[in-house]
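The values are calculated or read from the model by the stated rules, or taken from the named source; none is laboratory data. In this text, all values refer to a predicted model and were calculated from it rather than measured experimentally. Note that we place each Cβ from the backbone using ideal geometry, even for glycine, and neighbour counts take in every protein chain shown.
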């Protein structure tokens, strides 16, 4: 395990590698971002960005989704994995937001998870971007990076999520999410991590064993 000082140094170095803290998903409205996040499960952001323009041309706000049938939504998002389930989640969530929350995506972590298709990871991604909430959404990239470095020793992203909630400070949670995702996506990759050029090599358990 790493000390508090080590974690601070590690996160600072990773954040310096990716200083432009923004999502890679394209969107114009909060509901469009939520749609993109739902579609991004087990699908690359690049593929999501290729898929969403026709849908976003007709859907900007939650109540717009009621003007489309489920079959129409399915057709528009058919290029992503598990598109049938995702289309249903998008339509049902939009209707629920419009009817139960006045068209505003809930900002509470527990409440937003009552929306169809919104689990803990999706909820934290949405709240981090839309409301600057202090969360680190743990996907496969973050889970891999945290275990390789040695900040956690866990078997699942869910376990990693629970550990990071206790380990990271509020300030760290506010800034760490996007840099960690991008670090895992482009630098500390699953098959060929770029250990030889890594600024945190001396602090990384995995890198020092190579």
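Yes or no, residue by residue, for (1) more than 17 Å from the chain's Cα centre (by Cα); (2) assigned to a helix (DSSP H, G or I); (3) surrounded by fewer than 20 Cβ atoms within 10 Å (Cβ to Cβ); (4) on the phi > 0 side of the Ramachandran plot:
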site	(1), (2), (3), (4)
114	yes, no, yes, no
136	no, no, no, no
147	yes, yes, yes, no
153	yes, no, yes, no
158	no, yes, yes, no
165	no, yes, yes, no
174	no, yes, yes, no
191	yes, no, yes, no
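With respect to residue 89, is the statement that it is at positive phi and within 19 Å of the chain's Cα centre (by Cα) true? Walk me through how you get there before you give the answer.
Numbers: at positive phi: no; within 19 Å of the chain's Cα centre (by Cα): yes.
Against the criterion (at positive phi and within 19 Å of the chain's Cα centre (by Cα)), residue 89 does not qualify.
Do the conditions hold for residue 110, that is, is it under 20 Å from the mean Cα position of the chain (by Cα) and either surrounded by 14 or more Cβ atoms within 10 Å (Cβ to Cβ) or touching a residue at least 24 places away in the same chain (Cβ under 8 Å) (or both)? Write out each step before concluding.
Working: under 20 Å from the mean Cα position of the chain (by Cα): yes; either surrounded by 14 or more Cβ atoms within 10 Å (Cβ to Cβ) or touching a residue at least 24 places away in the same chain (Cβ under 8 Å) (or both): no.
Taking the combined requirement at face value, the residue does not satisfy it.
Name the pairs: first residue in segment 66-82 and within 16 Å of residue 51 (Cα to Cα), second residue assigned to a loop (DSSP other than H, G, I, E, B), Cβ to Cβ under 6 Å, at least 6 apart or on different chains?
Within 6 Å, the pairs are 80/43; 81/42; 81/43.
Might you let me know whether segment 102-109 holds any residue that is outside any loop (DSSP other than H, G, I, E, B) and in the same structural domain as residue 46 (by TED's automatic domain parsing)? It would help to see each step written out before you state the result.
Restricting attention to segment 102-109, the residues satisfying the condition of being outside any loop (DSSP other than H, G, I, E, B) are 109.
From the residues that got through so far, the ones that are in the same structural domain as residue 46 (by TED's automatic domain parsing) too are 109.
There is at least one residue in segment 102-109 that is outside any loop (DSSP other than H, G, I, E, B) and in the same structural domain as residue 46 (by TED's automatic domain parsing).
Would you mind finding the one in 184, 103, 150 that is at pLDDT 95 or above and within 17 Å of residue 34 (Cα to Cα)?
Numbers: 184 fails: within 17 Å of residue 34 (Cα to Cα); 150 fails: within 17 Å of residue 34 (Cα to Cα).
Just one listed residue meets the conditions, 103.
Just to be sure, is residue 142 in contact with a helix residue (DSSP H, G or I) (Cβ under 8 Å, 6 or more places away or on another chain), part of a loop (DSSP other than H, G, I, E, B) and touching a residue at least 12 places away in the same chain (Cβ under 8 Å)? Talk me through it step by step, then tell me what you get.
Numbers: in contact with a helix residue (DSSP H, G or I) (Cβ under 8 Å, 6 or more places away or on another chain): yes; part of a loop (DSSP other than H, G, I, E, B): no; touching a residue at least 12 places away in the same chain (Cβ under 8 Å): yes.
The answer is no for residue 142.
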